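The values are calculated or read from the model by the stated rules, or taken from the named source; none is laboratory data. Just so you know, these numbers come straight off a predicted model, no measurement behind them. Please note: Cβ atoms are built from the backbone with ideal geometry, for glycine as well, and neighbour counts cover all protein chains shown. In case anyone asks, the SASA skips ligands and DNA or RNA and just uses the protein heavy atoms, side chains included. Shrake-Rupley method; radii C 1.70, N 1.55, O 1.52, S 1.80 Å.
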Amino acid sequence: QVQLVESGGGLVQPGGSLRLSCAASGTIFRFWVMDWYRQAPGKQRELVATITSDFSTNYADSVKGRFTISRDNAKNTVYLDMNKMKSEDTAVYYCHTNWIRRDYWGQGTQVTVSS
């Protein structure tokens, strides 16, 4: 059973930084491709960043150069470091993986960028 638990959301001012964490269950975490998605009010959920098992990364154009995804396989954790944050980054952020053709999602963590 795969379980994903996000943490680290909160309120941050424009231009500020925040780190999200996603702790995963399972002894084969190191093989999983991990993603961060976000969903703003009234909008569809969108892919923000991806990290593969060999640590390759990919980002949405809207966050390139500001966000960094990383993973620590010893801790079964994936991170999203968010810098130079903007009001449009306000959303619920979700951790995700797909394993054996099944999607797994965390419960989400709220991120609000506001002065």
S114 versus (1) touching a residue at least 12 places away in the same chain (Cβ under 8 Å); (2) open to solvent by 70 Å² or more (accessible area, probe 1.4 Å): which is the lone unmet condition?
(2)
Quick one: S87 ticks every box in (1) open to solvent by 20 Å² or more (accessible area, probe 1.4 Å); (2) within 12 Å of S7 (Cβ to Cβ) bar one, so which box is it?
(2)
If we take the chain, then strands (runs of 3 or more DSSP E) inside it with 3 or more residues that are among the hydroxyl-bearing types (S, T, Y) are 91-99
So is F67 open to solvent by 30 Å² or more (accessible area, probe 1.4 Å) and among the hydrophobic types (A, V, I, L, M, F, W, C) or not?
no
Please find, within segment 1-36, the residue that is modelled with the highest pLDDT out of those that are more than 11 Å from the chain's Cα centre (by Cα) and of a type in the set (S, T, Y).
S17
Give me the pairs: first residue in segment 5-27 and over 20 Å from G106 (Cα atoms), second residue modelled with pLDDT of 95 or more and assigned to a strand (DSSP E or B), beta-carbon distance under 7 Å, and six or more apart or on different chains, which are they?
V12/L18; V12/V113; P14/V113; S17/M82
